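Data block below; observations after.
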Amino acid sequence: MTYTDYLWFNTKKRQEFVRITDEVAVIVAKSGIVDGIALVSAMHITAGVYVNDWEDGLIHDFQEWLEKIAPAGLPYRHHQTGEDNADAHLKRTVMGHQVVLPITKGKLDLGPWEQVF
Amino acid sequence: MTYTDYLWFNTKKRQEFVRITDEVAVIVAKSGIVDGIALVSAMHITAGVYVNDWEDGLIHDFQEWLEKIAPAGLPYRHHQTGEDNADAHLKRTVMGHQVVLPITKGKLDLGPWEQVF
Amino acid sequence: MTYTDYLWFNTKKRQEFVRITDEVAVIVAKSGIVDGIALVSAMHITAGVYVNDWEDGLIHDFQEWLEKIAPAGLPYRHHQTGEDNADAHLKRTVMGHQVVLPITKGKLDLGPWEQVF
């Protein structure tokens, strides 16, 4: 049994962290799947999907850290196409572009602190 | 057909690499699944799961490298909550928090050097 | 329903980026799977599989960036085994070693710019 759904997000800033655990849980419930997996995958190549803590300080740390290891504003060759977001491609690669979540007894089977972003 | 199992680990040091290929293979055998996939996912947000070489020197290199790109002891904002492990959240993000392993003819279908940690 | 296939690549240079979207799509078509997922996983531990833009400038940026965060030529302990590729193990970890692609209505369900490498 399979079930496919799409979530759309309009973000306002250059970089945003959006918690989507609840949206995914609703889709899992709609799917009627009792035991299986849920693939949550970003369909845009400057977006990522990851699982971690829902704590504002940590999200701030993630942003600072990503800026340090994949800075914006460098003379990336990708920018010769007119784009200015090569760093976002790199950052999303570090964060991961998808997660596979276990579904057990009809629910997302997440650890106590696991949240999907 | 699905099968779910949980592995628990008590680690002693702040950072440990634990090979779990054999534990996962036992669960795959128990599951009776002949062709399919095995999701191996860390349920704690400072733990990762990855596939790579079982070679002590390389594991040492991984540790040194993670310390370089996501150092402990920086004034992370996450630490204002009383935690001191923001670096572990970052490190696990680099390593990945889950893998999906192919099962073919009832066994983990891994390349010659692939080991799960 | 499951279907397993193997792709082999002979690369000439120390580091190569090979687009495999079309090869994967052919295998998905052969599988006859209408709705489900495709696991694309590197079976060698110095190879990665990732999804991103098919743009030469960006691929160049990825190479420079990987060299910066996981340089070749450092005195890695892994090299005491006679190997000289510890950096490739680290680089593949950053890029990811596998992707899980959604299949919808018999086709890879990728975003407009998503390409598999």
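The values are calculated or read from the model by the stated rules, or taken from the named source; none is laboratory data. Note that the coordinates shown come from a computational prediction; the quantities given were computed from them, not determined experimentally. Cβ atoms come from the backbone with ideal geometry, glycine included; neighbour counts cover every protein chain shown. Keep in mind that these areas ignore ligands, DNA and RNA; they rest on the heavy atoms of the full protein, side chains included. Shrake-Rupley method; radii C 1.70, N 1.55, O 1.52, S 1.80 Å.
Averaged across C:36-46, how many Cβ atoms of other chains sit within 10 Å of each residue's Cβ atom?
5
Report, ordered by chain and residue number, the lysines lying within cross-link reach of B:LYS68, taken as a straight Cα distance under 26 Å and ignoring same-chain residues fewer than 8 apart.
A:LYS68, A:LYS91, B:LYS12, B:LYS13, B:LYS91, C:LYS68, C:LYS91
Report the Cα centroid-to-centroid distance between region B:64-100 and region C:10-45 in angstrom, as an integer.
Cα centres, region B:64-100 to region C:10-45: 32 Å.
Per-residue mean of other chain beta-carbon atoms within 10 angstrom of the beta-carbon, peptide C:49-62?
Shielding by partners across C:49-62 averages 6.
With the cut-off at 15 Å, report for region B:24-72 the share of all Cα pairs above it, as a whole percent.
For region B:24-72, the fraction of Cα-Cα distances above 15 Å is 65 percent.
Keeping all protein chains in place and using 1.4 angstrom, which order do C:ASP84, B:ASP35, B:ASP56 fall into by accessible surface area, from largest down?
B:ASP56, C:ASP84, B:ASP35
Heavy atoms only, 1.4 Å probe, whole protein assembly: order C:TRP8, B:TRP54 by accessible area, highest first.
Putting C:TRP8, B:TRP54 in descending order of accessible area: C:TRP8, B:TRP54.
Report A:ARG77's accessible area, 1.4 Å probe, all protein chains in place, as a number in Å² to the nearest 10.
A:ARG77 has an accessible surface of roughly 110 Å² with all protein chains in place.
Over chain C, what is the relative contact order in percent, taking alpha-carbon pairs closer than 8 angstrom and at least six residues apart?
Over chain C, the number comes to 44 percent.
First compute the accessible area of chain C with a 1.4 Å probe, then give the percent of it belonging to carbon and sulfur atoms.
53 percent
Using the Kirkwood formula over every pair of different C-alpha atoms, what hydrodynamic radius in Å results for chain C?
Hydrodynamic radius (Kirkwood, Cα pairs) of chain C is 15.7 Å.
Would you mind giving the average projected area, over all directions, of the Cα convex hull of the protein assembly as shown in nm² with one decimal?
Projected over every direction and averaged, the Cα hull of the protein assembly as shown covers 17.8 nm².
Between copies, how far does the label point of C:LYS13 sit from its twins, in nm, shortest first, when each point is 7 Å from Cα along Cα→Cβ?
List, nearest first: 3.8, 3.8 nm.
If r is the Cβ-Cβ distance from A:GLN15 to A:THR104 and R0 is 45 Å, what FRET efficiency results, to the nearest 0.05?
0.85
Leaving ligands, DNA and RNA out of it, work out the accessible area of B:THR104 with a 1.4 Å probe and give it in Å² to the nearest 10.
30 Å²
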